[in-house]
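Here's the structure we're looking at; comments come further down.
The values are calculated or read from the model by the stated rules, or taken from the named source; none is laboratory data. The structure presented is a predicted model; accordingly, all values stated were derived computationally and were not measured. Cβ placement follows ideal geometry from the backbone for every residue including glycine, while neighbour counts extend to all protein chains displayed.
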Amino acid sequence: MTADTEPSRGKAVARAVLQPIFDVLAGLIVSGLILAVIGVDPLAASKSLVHGAFGYPEAIGYTLYYATTYMFAGLSVWLALRAGLFNIGGEGQIYLGGLGAGLVCVALDGMPGIVVVPVACLAAITFGAAWAFIPAFLLAKRGSSLVVTTIMFNFLAAAVMTWLLTAVMIKPGQAAPETAEFSASSWMPSFTSLASALGISIANSPVNLSLILALLAVAGGQFLVGRTVAGYHLRVVGGNPDAAAYAGIDAGWVAIFALCLAGACAGLAGVNEVMGVHHRLILDFPNGAGFVGIAVGLMAGRNGWGVIPGALLFAALAQGSVDLMIDNPRINPELVVMVQGLVIFFAGALRGQLTLPKLRAAR
Amino acid sequence: MSSPAALELIGIEKSFGSIHANRGISIKFAAGSIHGLIGENGAGKSTLMSIVFGMQQPDVGAIRIDGRTVDFPTPKAAITAGIGMVHQHFMLIDRCTVLENLLLGTENNFALGKALAYGRKRMAELAREYGLALPPDTRVRDLSIGERQSVEILKALYRDARILILDEPTSVLNAEQKERLFAILRTLRDAGKTVIFVSHKLSEIIALTDHVAVLRQGRMVGETATAETDEAALATIMIGGHVDLGRIGGAAEPGEILLEANGIAVCNPQGERKIDNLDLTLRRGEIVAIAGLAGSGQSELLQALAGILPIDRGRMSWRGQAMDLRNWRAKSLRALGIAHVPDEPRRFGLVADFSAAESAILGYHDCKPAARHGLLNPRAILADCNAAMNDFDVRPRRPDIRTGAMSGGNQQKLLLAREMRRDPELLLIGEPTQGVDIGAVAAIQARLADMRARGKGVLLVTSDLDQIRALADRILVMNSGAIVGELSPDQATDRELGLMMGGVTTKSRAQISG
């Protein structure tokens with residue numbers, strides 16, 4: 001019996017690992033063709049992209065900083081997808097999570113970091129979850145379309161934050177719509193400062209302890225979905241709602257639970273941005289991360305660990321494209337968005353559609 | 001020399017990984033006859049037919065039509081060559097009309113007008129020729145199951161099929177619809193068509209076919225003229241042993257009342273009242289069967305008793321204790337010892353994307369051995385699934401296989417294992433043997449009889465009247481959401497049951513004669 005099952009299990013694992021790589025390569029190859037058409041050498045371009053993302057210590061730090069935010073955002077989308085729900089509201093939940101963290105930092109300004117940082121993280125979780133709760137509640141109790149409500153909540157979040165930052169929380173006596181800088185004790189410690197405290201000198205970059213938090217969150221999310229009864233409920237509702245009714249699982253509550261969890265994860269992305277990098281509340285700090293999270297969450301498929309390589313990929317594209325644009329004046333930010341779009345197209349929308357015969361047999 | 005066979009398969013071999021589904025099958029199908037193809041689940045019937053219809057390619061072997069070797073890379077090629085297939089699950093678009101469904105794929109023009117006019121003319125011709133009259137402008141969703149199947153047959157004829165394959169066509173039909181289907185198939189045969197009838201119901205094979213071929217474990221193990229064999233002989237070839245079709249198990253010893261329903265009313269999710277003012281008593285040590293024409297409310301009754309559909313009026317009690325209707329929900333019922341095998345297993349009972357092991361704990365996932373303190377225990381879940389698979393002979397014995405990749409019969413066995421192995425006080429069971437092969441049917445029926453012998457209660461809802469007669473101690477007949485009569489198994493002749501299921505009760509007959 002085992003002799004029978006082993007090879008096919010090996011194949012299934014190979015498929016789970018190789019398929020996304022294959023999809024991403026397909027996206028990059030098509031991007032390369034388009035770059036060639038506009039007169040950019042695709043090989044040189046990919047070289048400067050990789051160098052820009054991983055070629056020197058500072059670049060690695062920046063890539064990891066982007067990856068942190070994308071991990072939270074991707075995990076958020078992935079968790080909701082397990083329950084069969086499409087959370088488009090990551091952008092707004094990140095914004096509100098950052099607000100929660102920022103409010104705590106402003107209110108407890110000057111208190112020791114050991115107090116401020118955990119409280120601010122809890123506030124980010126609560127604000128993110130609360131922002132997801134309203135669409136979730138409307139879905140569970142009234143059947144409102146989640147896609148519509150979460151998109152609307154993105155706009156609401158942007159409007160609320162603009163008002164808060166221009167009229168309420170703005171630092172007195174300045175024109176820019178942002179709060180005063182928090183005192184250094186309430187910053188999320190960066191790896192640079194942690195290393196220098198240990199007497200090691202590493203390159204200056206915004207990557208901070210939130211990265212560890214993000215990795216823990218991914219591990220926690222994967223454990224929750226795969227190994228707990230609550231996660232089982234999530235997957236039954238996502239896999240077959242009729243079977244959930246049969247098993248006595250309340251699909252409405254599961255939807256609320258899953259989306260609040262998703263909102264909490266997205267909220268933590270706000271911690272990385274607000275407490276780890278900007279050290280103040282500014283306008284538009286989510287900067288589309290909620291939408292990148294959709295691609296990351298879709299690419300991960302069934303396995304939560306897949307969020308990590310997905311986040312790294314998009315972080316590398318985001319950071320590496322800076323060098324790419326410096327090296328190639330023909331490449332502008334819109335072209336970088338196009339490359340991202342092609343990767344999302346092949347790895348998300350066409351996931352597993354293009355495949356090698358050997359991979360297909362393992363299905 | 002006789003004329004070549006309408007369809008001939010020569011040495012067909014097909015493997016899927018380590019599973020050898022067809023092993024050198026050679027068979028001839030003559031024009032103007034009805035051929036039965038029988039075999040257990042997984043004997044290779046469906047694989048063979050999907051090869052004939054171009055959905056799969058054989059590893060080795062050839063297909064000949066009228067003596068010419070053909071190659072079917074796609075179903076389209078098979079259709080062009082004159083092969084039509086009626087799938088077990090209909091391939092119709094519910095919201096389109098009969099005519100639109102017929103045309104699908106044959107329109108040929110940008111504008112539909114011409115095709116519609118031609119289709120209407122062809123429909124009238126086909127109706128004349130084969131007695132298959134259907135309303136062209138009715139939407140498929142408004143047709144009965146039997147009529148939908150006729151649409152499928154018409155679709156094949158519309159594409160000039162000369163060879164018609166029907167895959168388990170009677171599994172969704174009631175007795176009356178089945179007779180009508182048989183009449184249609186006989187007309188087609190007399191018109192010179194070749195009909196291939198795939199089934200595992202022996203009585204149908206005997207009643208309908210001219211020739212019969214038996215598959216076992218991917219091989220042809222018998223082929224004969226139907227007139228020269230009988231059910232017992234076929235069953236023996238099919239499973240290689242004798243199958244008893246008589247009364248199963250000992251007599252009932254009705255004990256304590258387990259469940260009592262008084263005047264309950266239930267609506268389906270669309271809000272239509274499906275059950276009104278129904279009374280029901282289930283005791284220990286007896287098997288109570290519900291019989292009825294399809295759509296008489298049996299499914300809804302099963303779902304309501306199992307806590308899926310809410311009961312909105314009436315009284316429910318469990319072992320003498322009155323229950324709040326709001327608490328009569330799936331979640332709390334398992335704790336009372338009520339297990340439920342739904343009559344639509346794929347819809348309610350399993351999650352296609354889960355591994356077999358994960359599907360095998362559904363409903364029991366939050367208690368031991370599957371979970372403790374809210375955490376799943378993968379090792380215990382695997383061990384439980386392995387034991388269940390051994391116990392109920394689920395194949396393949398692989399807890400990690402995707403539930404959706406298992407055959408229907410094995411999914412059903414996994415589901416039965418989950419619900420029966422936990423030794424419930426009361427088992428609510430719908431269509432217990434659907435899709436499972438005849439050898440497993442006997443084992444499942446024996447388990448139900450065993451539950452009765454051990455003083456458990458069973459409510460059996462099935463369209464299989466033979467099964468009801470073999471197992472039930474009391475037969476309740478349902479018609480339009482109410483129980484219209486009760487019979488003992490020896491009173492339950494086809495005639496008596498048929499009349500009651502059609503709503504003609506003893507009382508109303510007495511009134512007519514009196």
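Here are some notes:
- Residue satisfying condition, being modelled with pLDDT of 85 or more and out of contact with any strand residue (DSSP E or B) (no Cβ under 8 Å at 6 or more places or on another chain), within set B:I257, B:I184, B:I163, B:I145: B:I184
- Residues in the stretch A:226-236 that are of a type outside the set (S, T, N, Q) and either within 17 Å of B:Y364 (Cβ to Cβ) or within 7 Å of another protein chain (Cβ to nearest Cβ) (or both): A:R227, A:V229, A:A230, A:G231, A:Y232, A:H233, A:R235, A:V236.
- Within the stretch A:166-197, the set of residues being touching a strand residue (DSSP E or B) at 6+ places or on another chain (Cβ under 6 Å) and among the acidic types (D, E) is empty.
- Being within 23 Å of B:V441 (Cβ to Cβ) and among the hydrophobic types (A, V, I, L, M, F, W, C) is a description that does not apply to B:V140.
- Every residue from the stretch B:320-370 that is among the small types (G, A, S), surrounded by 17 or more Cβ atoms within 10 Å (Cβ to Cβ) and within 8 Å of chain A (Cβ to nearest Cβ): B:A330, B:G349, B:G363
- Looking only at residues in the stretch B:193-214 that are polar (S, T, N, Q) and over 14 Å from B:I27 (Cβ atoms), the one that is farthest from the chain's Cα centre (by Cα) is B:S203.
- Set A:F314, A:F257: member being surrounded by fewer than 24 Cβ atoms within 10 Å (Cβ to Cβ) and not aliphatic (A, V, I, L, M): A:F257
Residue by residue, here is whether (1) among the hydrophobic types (A, V, I, L, M, F, W, C); (2) assigned to a helix (DSSP H, G or I); (3) within 22 Å of the chain's Cα centre (by Cα) holds:
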residue: B:L427; (1), (2), (3): yes, no, yes
residue: B:G439; (1), (2), (3): no, yes, yes
residue: B:L448; (1), (2), (3): yes, yes, yes
residue: B:G455; (1), (2), (3): no, no, no
residue: B:V458; (1), (2), (3): yes, no, yes
residue: B:V477; (1), (2), (3): yes, no, yes
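- Taken over the stretch B:120-142, the residue count meeting the criterion of being of a type in the set (G, A, S) and at pLDDT 90 or above is 1.
- Criterion violated by A:R82 - all others in (1) more than 14 Å from every other protein chain (Cβ to nearest Cβ); (2) modelled with pLDDT of 90 or more satisfied: (1)
- Filter result (at the interface with another protein chain (Cβ under 8 Å from one of its Cβ atoms) and either β-branched (V, I, T) or more than 25 Å from B:L305 (Cβ to Cβ) (or both)) within the stretch A:240-259: A:I249
- Counting only helices (runs of 4 or more DSSP H) that sit wholly inside the stretch B:298-399, those with at least 1 residues that are out of contact with any Leu (no Cβ under 7 Å at 6 or more places or on another chain) and without any contact (Cβ under 8 Å) to a residue 12 or more places away in the chain are B:330-336, B:378-391.
- The number of residues in the stretch A:205-243 being within 17 Å of A:R302 (Cβ to Cβ) and outside any helix (DSSP H, G or I) comes to 2.
- Wholly within the stretch B:150-255, strands (runs of 3 or more DSSP E) carrying at least 3 residues that are in the same structural domain as B:A31 (by TED's automatic domain parsing) and buried (at least 17 other Cβ atoms within 10 Å of the Cβ): B:163-167, B:194-199, B:211-216
- Unmet requirement for A:L281, which otherwise passes all of (1) modelled with pLDDT of 90 or more; (2) within 14 Å of the chain's Cα centre (by Cα); (3) not charged (D, E, K, R): (2)
- Set side by side, the residues B:A5, B:A43 differ, and just one is at pLDDT below 90, part of a loop (DSSP other than H, G, I, E, B) and under 30 Å from B:R395 (Cβ atoms), which is B:A43.
- Only helices (runs of 4 or more DSSP H) whose full extent lies in the stretch A:7-121 are considered here, and the ones with at least 3 residues that are assigned by TED's automatic domain parsing to the domain that holds A:P241 and crowded, with 22+ Cβ neighbours inside 10 Å are A:57-82, A:90-107.
- Residues that are without any contact (Cβ under 8 Å) to a residue 12 or more places away in the chain and of a type outside the set (S, T, N, Q) are absent from the stretch B:252-259 altogether.
- Enumeration of residues in the stretch A:231-250 that are in contact (Cβ under 8 Å) with a residue 60 or more places away in the chain and among the aliphatic types (A, V, I, L, M): A:L234, A:V237
- Tally of residues being exposed (fewer than 12 other Cβ atoms within 10 Å of the Cβ) and not in a helix (DSSP H, G or I) across the stretch B:110-124: 2
- Members of the stretch A:318-344 found to be within 16 Å of A:L35 (Cβ to Cβ) and either of a type outside the set (A, V, I, L, M) or in contact with a strand residue (DSSP E or B) (Cβ under 8 Å, 6 or more places away or on another chain) (or both), listed by number: A:G320, A:S321, A:D323, A:D327, A:N328, A:P329, A:R330, A:N332, A:P333, A:E334, A:Q340, A:G341
- Identity of the residue in the stretch A:127-153, of a type in the set (S, T, Y) and under 15 Å from A:G92 (Cβ atoms), that ends up nearest to the chain's Cα centre (by Cα): A:T150
- Top-ranked residue in the stretch B:6-23 [being among the β-branched types (V, I, T) and crowded, with 16+ Cβ neighbours inside 10 Å; ranked as nearest to the other protein chains (Cβ to nearest Cβ)]: B:I12
- Wholly enclosed strands (runs of 3 or more DSSP E) of the stretch B:56-105 bearing at least 1 residues touching a residue at least 12 places away in the same chain (Cβ under 8 Å) and either outside the structural domain of B:A133 (by TED's automatic domain parsing) or within 23 Å of B:F16 (Cβ to Cβ) (or both): B:60-65, B:83-86
- Helices (runs of 4 or more DSSP H) within the stretch A:284-352 that include 2 or more residues assigned by TED's automatic domain parsing to the domain that holds A:V271 and closer than 20 Å to A:I88 by Cα: A:289-300, A:307-327
- Out of A:A132, A:A195, one residue alone is assigned to a helix (DSSP H, G or I) and either modelled with pLDDT of 95 or more or touching a Leu at 6+ places or on another chain (Cβ under 6 Å) (or both). It is A:A132.
Residues are listed down the side, and each one gets a yes or a no for (1) surrounded by fewer than 14 Cβ atoms within 10 Å (Cβ to Cβ); (2) of a type in the set (F, W, Y); (3) over 29 Å from the mean Cα position of the chain (by Cα):
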position	(1), (2), (3)
B:K28	no, no, no
B:G67	yes, no, yes
B:D71	yes, no, yes
B:H87	no, no, no
B:D94	yes, no, no
B:L99	no, no, no
